[in-house]
Amino acid sequence: MIPYGRQDINQADIDAVIEVLCSDFLTQGPKVPLFEKTILEYCHAKHAVAVSSATSALHLACLALGLGKGDWLWTTPITFVASANCGLYCGAEVDFVDIDPRTYNISPQALEAKLIKAEKVKALPKVVVVVHLCGQPCDMESISQLSRKYGFRIIEDASHAIGGKYKGEPIGNCHYSDITVFSFHPVKIITTAEGGMALTNDRELSAKMELLRSHGITRDVELMTQAPDGPWYYQQIDLGFNYRMTDLQAALGISQFTRLDRYVEQRHELAQCYNEELKSLPITLPWQHLDSYSGLHLYVVRLQRDELSKTHREIFEALRAAGVGVNLHYIPVHTQPYYREKGFHAGDFPEAEAYYEEAISLPLYPGLSHEQQESVISVLKENLK
Ligand SMILES: *Cc1c(COP(=O)(O)O)cnc(C)c1O
């Protein structure tokens, strides 16, 4: 089966991890701060906090922004569940905003309409998590204008988007947001096995996330309630977690990072080939906004159902049976049983639900060979006649 995504590990990656294994520190050594510095310089951000996953980065980001009981977090239904769950971890309420039918990202128009209604009933969100789906940046300019008008904070869930650009600037620079989060899960653009990072330009937000990543414990005398009892001394001044990244993971991340730009270029080359070869099929190809450069984590096509005799599911099953490991990103979060229990229903977010009826993620990753891609294309052509 040709998977929809896959990591690329070379000898340099293996050597980097082995070097750490043979060193004094498997975790909390020099590699984590070096990885943070590497990513923040690349992204033109001021601070970076490496953590155990994007999920933990989202949780810490929400906590740093003061999200808690009685607050609202809004996000898009077309995302991985973690973009919404982070609000629930903090005791906040979660709601969704429908997607733009062309980009599949959160719709600024739908967001504004919902904000106008929420203002009237005094239920404005404290945090909006925007997701750069497939690597395509959201309309950050419009969303940040709305955030100033309505007073919410912005987290960019850029799990799909490292290596991309918005208006010529790297995603992760936080020009239009408070915090940006990356994922380094193996299916994502670069990997540390499990891992994530939160970037920000705000020193206080970064200090808070750093504290909470490691139990809420500090060794900074300035932050303590009393002078240290001795050189062993630390204080727990908040309730944190063990969300640390290990040095093994960071070493892998540093090594992977050296190929980041090339990876994204390869993704674009593969996407270009799909664009050419699939354009006459009854499917809608990904639409690319001209003001941005996508990280292209995913290549999602939508079936034009009126032109096809087979159902979405039948096509999906046929492709899988033919060895093409297509996938679906994502099941609208509000339709998950856990969220239905909270009162969401099918029909709540029609654009997101229509997308779900039609979307298919095709294989796209740097190691996808020309022959493999040709075989994906011919299987698609056969099944979409
Ligand atoms: C993968 C992903 C996450 C979660 O990332 P982990 O590192 O696995 O915790 C969150 N949001 C989106 C949009 C993702 O794709």
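Selection of segment 198-210 for residues being of a type in the set (A, V, I, L, M, F, W, C) and more than 16 Å from the ligand (Cβ to nearest atom) yields LEU205, ALA207.
Of the residues screened, HIS185 is not one that is within 17 Å of VAL333 (Cβ to Cβ) and in contact with a helix residue (DSSP H, G or I) (Cβ under 9 Å, 6 or more places away or on another chain).
Within segment 330-358, being within 16 Å of the ligand (Cβ to nearest atom) and buried (at least 21 other Cβ atoms within 10 Å of the Cβ) holds for TYR330, PRO332, VAL333, HIS334, TYR339, ALA352, TYR355.
Listed by position, the helices (runs of 4 or more DSSP H) inside segment 199-296 whose residues that are closer than 24 Å to ALA16 by Cα number at least 3 are 247-257, 260-278.
Set side by side, the residues GLY195, GLY240 differ, and just one is over 30 Å from LEU308 (Cβ atoms), more than 16 Å from the ligand (Cβ to nearest atom) and surrounded by 14 or more Cβ atoms within 10 Å (Cβ to Cβ), which is GLY240. Listed by first and then second residue, the pairs linking a residue in segment 181-197 that is closer than 15 Å to HIS297 by Cα and outside any loop (DSSP other than H, G, I, E, B) to a residue that is more than 9 Å from the ligand (Cβ to nearest atom) and among the β-branched types (Val, Ile, Thr), with Cβ atoms under 6 Å apart and 6 or more places separating them unless they lie on different chains, are PHE182/ILE162. Being within 12 Å of the ligand (Cβ to nearest atom) and in contact (Cβ under 8 Å) with a residue 12 or more places away in the chain is a description that applies to THR79.
Read the figures in this text as sums done on the coordinates, not as results from a lab. These figures come from a predicted structure and were not determined experimentally. Here Cβ is always computed from backbone atoms with ideal geometry, including for glycine, and neighbour counts include all displayed protein chains.
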